[in-house]
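Each reported figure results from applying straightforward, stated rules to the coordinates on display, with no laboratory input. Given the structure is predicted, the values throughout are model-derived calculations rather than measurements. Counting neighbours? That spans all protein chains shown, and the Cβs are built from the backbone with ideal geometry, glycine included.
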Amino acid sequence: MNEPNAIPPVIPSVHRQLGDDPGEQQPIPHVFAAIEALLRQPRRLTYQLRQPGAGKLIGSMLFVTVLCCLVYGAVAGTFSGGTQLWAAPAKIADGLLVSAAICLPSLYIFTCLSGSQARLGEVGGLLAGLLMLMTILLVGFAPVVWIFSQSTASLAWMGALHLVFWFVATLFGVRFMLAGFAHSNARSRAGLHVWIIIFLLVALQMTTALRPIIGKSDTFFPTEKKFFLVHWGDHLSEK
């Protein structure tokens, strides 16, 4: 018979460290393995970014990012056709990479302020993982984009659809990055959350700085400066 004041045993929680699973220690030899690891074994990818020679892995992730941007951009360009079939892919790829390059220094500074022990290479690798996951998801959304590109003439609707897909893809990319930083002994995520807002603002402004991406224009780049909210408002007021 149990004693009335008996205290139930406490089961200690075990925080599994990166590399505890032998599967996480398996090298990622090529691009397809990097994609598979990102989608199925993100801890394995995070672990490998901490190992010597991670530069090759980061290069593979950036290659996939550019390739996916080109595929998604080509599908987005079918809305207007013509020069947008090659201009949209080029602008989407360049805009995303430039946005990441602009935001990398602030990401590293916030990482250091949070107490994280992650090196610059690891921080860059996690950012590359964010970009790769984003663009892989965008390619997954590409068939839906193509259907609407062929069945509607509304520029505002297509722009809203692209934004929804972009926000969803960014959400999953950010989740991967934050999960990676969780293993770097950071004391706080406040700085990283601030950086996420900065990254979103920079990427959104880049879409306006490189406009048009899905519409038509007489010039390759815009002739006037605009804030992205003003640009959206102008298009909505035209309807």
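Shown in residue order for region 76-82 are the 3J(HN,Hα) couplings computed by the Karplus curve 6.51 cos²θ - 1.76 cosθ + 1.60 at θ = phi - 60°: 4, x, 5, 5, 9, x, x Hz (x for Gly and Pro).
Trypsin sites (Lys or Arg not before Pro), restricted to region 114-193: which are DSSP loop and have at most 12 other Cβ atoms within 10 Å? Don't skip to the answer; put the middle values down first.
Values: sites: R119, R175, R187, R189; in loops: R119, R187, R189.
Of the trypsin sites (Lys or Arg not before Pro), the ones in loops of region 114-193 whose Cβ has at most 12 other Cβ atoms within 10 Å are R187.
Taking amide H positions as modeled 1.01 Å from N, with prolines and chain starts lacking one, no residue 5 or more places away or on another chain lies under 5 Å from R211. What the phi angles of region 54-59 give under the Karplus curve with 6.51, -1.76 and 1.60, with θ = phi - 60°, is a coupling list of 5, x, 5, 5, 4, x Hz, glycine and proline written as x.
Phi-derived couplings, Karplus 6.51 cos²θ - 1.76 cosθ + 1.60 at θ = phi - 60°, listed residue by residue for region 167-172: 5, 4, 5, 5, 4, 5 Hz, with x used for Gly and Pro.
Calculated FRET efficiency, Q25 to D234, Cβ-Cβ distance, R0 = 41 Å: about 0.15 to the nearest 0.05. In the chain, the alpha-carbon atoms span a convex hull of 194 Å³ per residue. Over all Cα atoms in region 97-239, the spread is summed up by Rg and Dmax: 17.3, 51 Å. Here, region 48-131 yields an orientationally averaged convex hull projection of 5.8 nm² when only Cα atoms define the hull.
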